[in-house]
Amino acid sequence: MLFINDLARFSIVFSSFLLVLGCQVPSAPLLPSQAALATASSATGDDTDATERTPIEHASPEAPVSTGDADTDSPPVSSPAVQTDAGPLAAPPAAQKPAAPGPVADNAEPETAAEPEPDDVWERMRQNMRWQQTDSIRIDKARDDYLSHINHIPLVAERADNYLYYIVEEVEKRNMPVEIALIPMIESDWDPFAASHSGAAGLWQIMPATGDHLGLEQDSWYDGRKSVRDSTTVALDYLETLYEQFDEDWFLAIAAYNSGAGNIERARRANEAKGLSTDYWSLKLRRQATNYIPKLIALAQIVAEPERFDVELPPVENAPSFEVVEIGRPLQMSQAARLSGVDLDTLRALNPGQLRETLSPDRPFEMLVPVENANRLEANIATLSPEDLVQWKTYRIKPGDSLARIAEVFDIDVQVLQDVNSIDGSKIRAGDVLKIPGGNLEDPPPQGYLVRKGDSLSRIAGKFKVSVDDLVDWNALDPAAYLKPGQELKLYVKGG
């Protein structure tokens, strides 16, 4: 019995020795004494199975292209470079949400505190980029084109200071790829006043018909395509719609945003008929659409590693750059600039949708101002009397009138009259009504007047310092008809 126990102990020690050397130990039934020793060893926590302590993690084929900063020397296992020219590939799918963690034991180690938010929006974008390791000859060419104008990107990026934080915030709220926030850099060079020869306008270069379809207001006072908030909202709405339309493929959706959904659909059908792949990289598209995604990814690569490409991006604070101030009454842009302490060019850059010097009377009276100036504007507006704010009255054009004469009568500039009434040139027509800044928008309450014997329209008009046309208009009169004594007229005049 002693011999058997000694042999069993020797067998276990020898097996452990072989495991240390990395040798494969054949499995064999344990003797009763071996089983007892193994049970005792397990109870002490002496587990010699290294494969259970260090499991091998395999990258999921559904993982996004990249979830962090690019590292071309040693790309992370979970973010392999996507070779697009070697074979067709669709846009990477959105990252899967991790499973919710289970309950934590009382004696568990405390979790590591989350890293603080970066101070710079560019750095924030780098931490969330998905596509910058995509590899393609077209991307290389687009990147070289950007870098051949080495000062262009830093110069254009300075304009992003007013808009980038807001757009990144809106993109991330929708769980969209953060690279989409770079589209305005391609479309407009971050210039909200940019207009193409085809009629597209604003940061997102939205066509007039597309703007109408998406519900953007467009008139002589206000253009929603140029508004920072309105245009961003509808552009992202539209991109999400295209994403669903094109089988949740972001590259196809963005290409459709640029060149039209119909063109992308036709290209896909043509490839299907030939038995070819229908992903973006395999489609035969117009030159602009063919180069659009490569330009976007090339920009993402430069933003991800500016030092590598010797590009200096001006820092953009990772915080709101503007606030919305409710003004409540019409206000001129120049007056708002003085009250807020903001230079007029900055105020106009934040409110590019406002096409006139005065805020549109048909829209909410609000304005975007730099965060640091919002309280000052609100406080100063609260101290203004009604006479200090822009007020309006109307004037019916008489025969022989001219813009110059009307402007002189009301002590305003001809340009202001043209702006607020959407008049091109100097031609006006008798009987038309002009809006005149400087008076009440609403007419005073009507006063009654009883026609007396001997009264005429011209005599009554002269008495109350109004025009005959005003009397005719206010009372729906026939100018050729005689007035009757006792007839009551309405007069919209001040002071009785």
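The values are calculated or read from the model by the stated rules, or taken from the named source; none is laboratory data. The model shown is predicted, which means the values in this text are computed figures rather than measured ones. Don't worry about glycine lacking a Cβ; one is built from the backbone with ideal geometry, like all the others, and counts go over all protein chains shown.
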Subset of segment 149-179 (residues that are more than 23 Å from residue 323 (Cα to Cα) and at pLDDT 95 or above): 175, 176, 177, 179
Selection within segment 316-365 - of a type in the set (A, V, I, L, M, F, W, C), part of a helix (DSSP H, G or I) and crowded, with 16+ Cβ neighbours inside 10 Å: 333, 336, 337, 339, 347, 349, 350
Lone unmet requirement of (1) exposed (fewer than 13 other Cβ atoms within 10 Å of the Cβ); (2) over 23 Å from the mean Cα position of the chain (by Cα) for residue 270: (1)
Test: residue in segment 208-224 that is on the phi > 0 side of the Ramachandran plot, surrounded by fewer than 16 Cβ atoms within 10 Å (Cβ to Cβ) and within 19 Å of the chain's Cα centre (by Cα): yes
Qualifying positions in segment 116-152 - over 25 Å from residue 239 (Cβ atoms), hydrophobic (A, V, I, L, M, F, W, C) and either under 18 Å from the mean Cα position of the chain (by Cα) or not in a helix (DSSP H, G or I) (or both): 150
Residue within segment 292-302 that is closer than 30 Å to residue 374 by Cβ, crowded, with 16+ Cβ neighbours inside 10 Å and in contact with a strand residue (DSSP E or B) (Cβ under 7 Å, 6 or more places away or on another chain) present: no
Selection within segment 192-230 - over 18 Å from residue 349 (Cα atoms) and charged (D, E, K, R): 212, 217, 219
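Okay, residues lined up against (1) buried (at least 16 other Cβ atoms within 10 Å of the Cβ); (2) over 29 Å from residue 330 (Cα atoms):
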{"position": "205", "(1), (2)": "yes, no"}
{"position": "241", "(1), (2)": "no, yes"}
{"position": "244", "(1), (2)": "no, yes"}
{"position": "264", "(1), (2)": "yes, yes"}
{"position": "286", "(1), (2)": "no, yes"}
Pick from segment 234-289, criterion among the polar types (S, T, N, Q) and in a helix (DSSP H, G or I), ranking: nearest to residue 351 (Cα to Cα): 258
Pairs with Cβ under 9 Å, 6+ apart, first in segment 462-477 and outside the structural domain of residue 451 (by TED's automatic domain parsing) and more than 15 Å from residue 394 (Cβ to Cβ), second surrounded by 15 or more Cβ atoms within 10 Å (Cβ to Cβ) and of a type in the set (Val, Ile, Thr): none
Any helices (runs of 4 or more DSSP H) falling wholly within segment 153-233 and containing at least 1 residues that are in contact with a strand residue (DSSP E or B) (Cβ under 8 Å, 6 or more places away or on another chain): 164-173, 208-213
